[in-house]
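One structure is given below, encoded as structure tokens.
Where a number appears in this text, it was derived from the coordinates with a stated rule and is not lab data. As the structure is a computational prediction, the values presented were derived from the model and not from experiment. For neighbour counting, all protein chains shown are included, and Cβ atoms are generated from backbone atoms with ideal geometry for every residue, glycine included.
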């Protein structure tokens, strides 16, 4: 006796498989686990616990100087918003200003004093940087060019 599998049998098998999979907890557990995994990256900075407060300042990343309201946890800013009542910016803030609180976590930020010589930048110690600045200021003072110092 030969068993023949018809198209109807294939459709029953496919429908039963889909129905069984949907009624089982496997796909729902996979969706739940993937949601948890995608929200808990180890490199995402977590703000400190502390008092939440708003501080007002001006953005210094472009010449416009837009007014900024920084929401801080402790002393660490966690979000930046524009100030709609400010007479100059009138509630406007550029995308760089909105993302400015993330700059402290950038891997290419400058973490120590540097000296630029022609096309290269090399790190120097803090004492060496202070000495170099003091020497330039003394030289400008003796040459009478102190009005060029901002």
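Which ones in the range 98-120 are assigned to a loop (DSSP other than H, G, I, E, B) and more than 16 Å from residue 57 (Cβ to Cβ)?
Of all residues in the range 98-120, those assigned to a loop (DSSP other than H, G, I, E, B) come to 99, 106-113, 118-119.
Those that are assigned to a loop (DSSP other than H, G, I, E, B) and more than 16 Å from residue 57 (Cβ to Cβ): 106, 107, 108, 109, 110, 111, 112, 113, 118, 119.
Looking at the range 73-88, which of its residues are part of a strand (DSSP E or B) and either farther than 17 Å from residue 104 by Cα or in contact with a helix residue (DSSP H, G or I) (Cβ under 9 Å, 6 or more places away or on another chain) (or both)?
The initial filter retains those residues of the range 73-88 that are part of a strand (DSSP E or B), namely 73, 76-82.
Within the range 73-88, 76, 77, 78, 79, 80, 81, 82 qualify.
If I filter the range 24-72 down to residues being in contact with a helix residue (DSSP H, G or I) (Cβ under 8 Å, 6 or more places away or on another chain) and loosely packed, with under 14 Cβ neighbours inside 10 Å, which single residue comes out as nearest to residue 94 (Cα to Cα)?
Step one: filter the range 24-72 for residues in contact with a helix residue (DSSP H, G or I) (Cβ under 8 Å, 6 or more places away or on another chain), giving 27, 45, 59, 61-62, 66, 68, 70.
After this cut, where a residue has to be loosely packed, with under 14 Cβ neighbours inside 10 Å as well, the list is 27, 45, 62.
Numbers: 27: 42, 45: 23, 62: 9 Å.
That would be 62.
Taking the options 129, 99, 119, name whichever one is surrounded by 14 or more Cβ atoms within 10 Å (Cβ to Cβ) and without any contact (Cβ under 8 Å) to a residue 40 or more places away in the chain.
On the way: 99 fails: surrounded by 14 or more Cβ atoms within 10 Å (Cβ to Cβ); 119 fails: surrounded by 14 or more Cβ atoms within 10 Å (Cβ to Cβ).
After applying the criteria, what remains is 129.
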